[in-house]
1. Would you mind finding the one in Gly109, Gly69 that is over 20 Å from the mean Cα position of the chain (by Cα), open to solvent by less than 40 Å² (accessible area, probe 1.4 Å), modelled with pLDDT under 95 and not β-branched (Val, Ile, Thr)?
2. Name the residues in the range 58-91 that are outside any strand (DSSP E or B), touching a Lys or Arg at 6+ places or on another chain (Cβ under 9 Å) and of a type outside the set (A, V, I, L, M, F, W, C), would you?
3. Being open to solvent by 40 Å² or more (accessible area, probe 1.4 Å) and either farther than 14 Å from Met133 by Cβ or in contact with an Asp or Glu (Cβ under 8 Å, 6 or more places away or on another chain) (or both): is that true of Thr114 here?
4. Would you mind finding the one in Pro31, Pro80, Pro64 that is in contact with an Asp or Glu (Cβ under 9 Å, 6 or more places away or on another chain) and either charged (D, E, K, R) or closer than 30 Å to Gly150 by Cα (or both)?
5. Please state which of the following conditions Val130 fails to meet, knowing it meets all the rest: (1) within 26 Å of Ser27 (Cβ to Cβ); (2) surrounded by fewer than 11 Cβ atoms within 10 Å (Cβ to Cβ).
Amino acid sequence: MQITKHKVAAIHYTLTDNQGNVLDSSSGRDPLHYIHGMGNLIPGMEEGLEGKAKGDKFNLKVSPEKGYGVKSDDLMQQVPRSAFGTQQVEVGMQFQTNQGQVLTVTKVGLDSITVDANHPLAGVELNFAVEVMEIRNATEEELAHGHVHGPGGHHH
Ligand code: ZN
């Protein structure tokens, strides 16, 4: 069986940047389960996995355009310091908005704070080492929900 549209694949992966820093890895955890062809993963990753079989090991380079996007200056904004109340704010701190967007503090001024709403990995070239652990057909229910159920997926 190969990874094609609507197959559930389980993969182990390690993500490094071009300097060799490990940014994320499934090592020591359960493999990542996802439904292929439904936008569960970044586009470059799904393209690289297309047609792969169980046991395949490969390296994949993903451009920002097919990863977490290019950095946009429009997503940098200044907010009044009072928006943070009495909270101590430092450069590098991250906040999540009610919409699930992650904001990173890039500058702390006397009365204003600059936050960056770009994804922390926007503009970063991604290097994945991938191993395909398992492939199976997605169930009707999984396709209706758009996510994997059972081990490695949603339990509900
Ligand atoms: Zn579900």
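1. Result of the check over Gly109, Gly69: Gly109.
2. Pro64
3. Answer is no for this residue.
4. Just a single option satisfies the conditions, and that option is Pro31.
5. In the conditions (1) within 26 Å of Ser27 (Cβ to Cβ); (2) surrounded by fewer than 11 Cβ atoms within 10 Å (Cβ to Cβ), Val130 misses (2) alone.
The values are calculated or read from the model by the stated rules, or taken from the named source; none is laboratory data. Keep in mind that this is a model prediction, so the values were computed, not measured. A quick note on method: Cβ atoms are made from the backbone with ideal geometry, for glycine too, and the neighbour counts reach across all protein chains shown. Side chains are part of the model used for accessible areas, which takes the heavy atoms of the whole protein and leaves out ligands, DNA and RNA. Shrake-Rupley method; radii C 1.70, N 1.55, O 1.52, S 1.80 Å.
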